[in-house]
Amino acid sequence: MLPSSGEVSSGRRTRVAYLSVSGGLGGSEMALLALLKGLQDAALAFDLSVILGSAGPLAERIEMLGVPVYVLPFPAAISRLGESRGKGIHTYVRLVGALFSIAGYAWKLRKLVRRIGPDVVHSNGLKMHFLSVCSVGRRRALIWHVHDYVGRRAITRRLLRWGSGKVRAVICNSLHVKADVASAGIRRPEILTIYNGIDTERFCAAGSGLDLDRVSGLPAAAKGTVRVGLLGTFARWKGHEVFLRALGLLGEQAAVRGYVIGAPIYQTDGSQFSTDELKGLCARLCLSDRVGFTGFADAADALRALDIVVHASTEPEPFGMVIAEALACGKAVVASRAGGAQEIFSERVSALAHTPGDPQELAARLAELVRDPGLRGRLGAEGAAGVRERFSLARCANETASLYHRILENPVRVS
Ligand code: GLC
């Protein structure tokens, strides 16, 4: 049973500060937004505030929930750091080159955290995990919320293993990520999975739909055209290439139009496709008149306008917010069969799946759905019911609040 309020022993409300990397609206940012909404809706009397490493639409969405936001922009040297390209020695060199910027940023972050005075600091995103260790004093309980696999990133893994000595708990977004964190040697008193919440007031079948053709600058599609879309950031592993190749394999006969919804949002060097690169690939596959690029769009409106939503990540997806959001909107989904994404749906019951990186198999699943609207409807209905049951905002907020309480009631000193 949860305490009805978030009071700390002194009688004042518990303060929680969230540190998050980006002000864009990628998966981990949507998960943070959902968590904040769940906590506010549950009226657990926490005082929440958020510090973001870059400005962007997330800030406004958080402020609309009545949660104060501070933007403390990362210097370029930190924004660009990443392990997606330039592995090994190259990344070390850049890390060393960024040390001055890291120290300066950590100092500013420490001052801001002190001013806010939180009891719990909840960090969201790998760079913030590292910076939080350098910026949060021992009096505050530090929690890492891990949204991505760390095991295969050698440098990140080492840094996190080093920093985890200061952390009270590690939240993972799926069982797969929890297993990865444990096998990476990050050992805390508590490593637990809390599945993300989905805002089903926003992600639901009822509501407006985006005019996909108009925003993509394409002529209106013929009646009966099946609209298939991939929605997400332009990270290379999100599988845009597989999606486009699968559309190419469907051939011109199928009355199908594809949509690439989203834009590059992170600054990490070499980690993303540019819009021009993807448009060039469309041209080479002779798909330019059958694929629209909408740019950044409201995710719920875009999902509602589609008949089929494709998730095509070529690497195991840690969770896959877009899969759960699409199911919540009652859409037929074809997802990559790997990683935490598989924990969201039950294959052939609430979604179809394909082998990551296999455009042939994806095309076969798409062809099945294109010719069978009944199957699309059945999968969508089952999927929406499953999301309401398993990924509610209230469940996510309550599990997270319980963790805060457990930690504050048991003020163990970390090493
Ligand atoms: C990260 C992961 C994605 C997950 C999201 C929210 O963006 O890559 O799989 O859905 O975080 O947890």
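The values are calculated or read from the model by the stated rules, or taken from the named source; none is laboratory data. Predicted model, so just to flag it, every value in this text is computed and none were measured. We place every Cβ from the backbone using ideal geometry, glycine too, and count neighbours over all the protein chains shown. Ligands, DNA and RNA are excluded from the accessible area calculation, which covers all protein heavy atoms including side chains. Shrake-Rupley method; radii C 1.70, N 1.55, O 1.52, S 1.80 Å.
Dividing the summed helix terms, -39500 (n - 2.57) for each DSSP H run of n ≥ 4, by the number of residues in the chain produces a 222 nm estimate of -12500 deg cm²/dmol to the nearest 500.
The residue 255 and residue 45 beta-carbon pair, evaluated with R₀ = 35 Å, returns a calculated FRET efficiency of approximately 0.05. Applying both filters, DSSP loop and at most 12 other Cβ atoms within 10 Å, to the trypsin sites (Lys or Arg not before Pro) of region 305-369 gives 348.
Where both bridge residues fall in region 192-316, DSSP classifies roughly 5% of the beta bridges as antiparallel. Solvent-accessible area per residue in the chain equals 41 Å², computed with a 1.4 angstrom probe and all protein chains kept. With a ≥ b ≥ c taken as the square roots of the eigenvalues of the C-alpha gyration tensor of region 253-324, please select rounded if a/c is under 1.5 and otherwise prolate if a/b is larger than b/c or oblate if it is not? Oblate. Relative to the longest principal axis of the Cα atoms of the chain, the long axis of helix 373-390 makes an angle of roughly 10 degrees. If the chain linking residue 93 and residue 371 were pulled fully straight, counting 0.36 nm for each residue of separation and taking away their Cα-Cα distance, it would gain 94.8 nm. Within a straight-line Cα-Cα reach of under 25 Å, residue 111 can be paired with the following lysines, leaving aside sequence neighbours fewer than 8 residues apart in one chain: 127, 166. Bridgeable lysines around residue 279 (alpha carbons under 22 Å apart, same-chain partners fewer than 8 residues away excluded): 238. Residues 289, 213, 307, sorted by accessible area with the largest first, give 289, 307, 213 [1.4 Å probe; ligands and nucleic acids excluded].
With a 1.4 Å probe rolled over the protein heavy atoms of all chains, the accessible area of 276, 148 falls in the order 276, 148, largest first.
At a 1.4 Å probe, what is the % contribution of carbon and sulfur to the accessible area of the chain?
53
Only beta bridges with both residues in the chain are counted; by DSSP, about 5 percent of them are antiparallel.
Per-residue 3J(HN,Hα) values for region 171-182, derived from phi via the Karplus relation 6.51 cos²θ - 1.76 cosθ + 1.60 with θ = phi - 60°, read 8, 10, 7, 7, 5, 4, 5, 4, 5, 5, 4, 5 Hz in sequence order (x marks Gly and Pro). Residue 67 contributes an accessible area of around 0 Å² to the protein surface, as traced by a 1.4 Å probe with all chains present. Percent of Cα pairs in the chain per distance bin of 20 Å, from zero to the largest separation: 27, 56, 16, 0.
With the simple spin-label model, which puts each label point 7 Å out from Cα in the Cβ direction, the residue 286 to residue 115 separation comes to 6.0 nm. Across region 338-415, the relative contact order, built from alpha-carbon pairs under 8 Å that are at least six residues apart, equals 28 percent. Of the residues 90, 176, 354, ranked by 1.4 Å probe accessible area with the largest first, the sequence reads 90, 176, 354.
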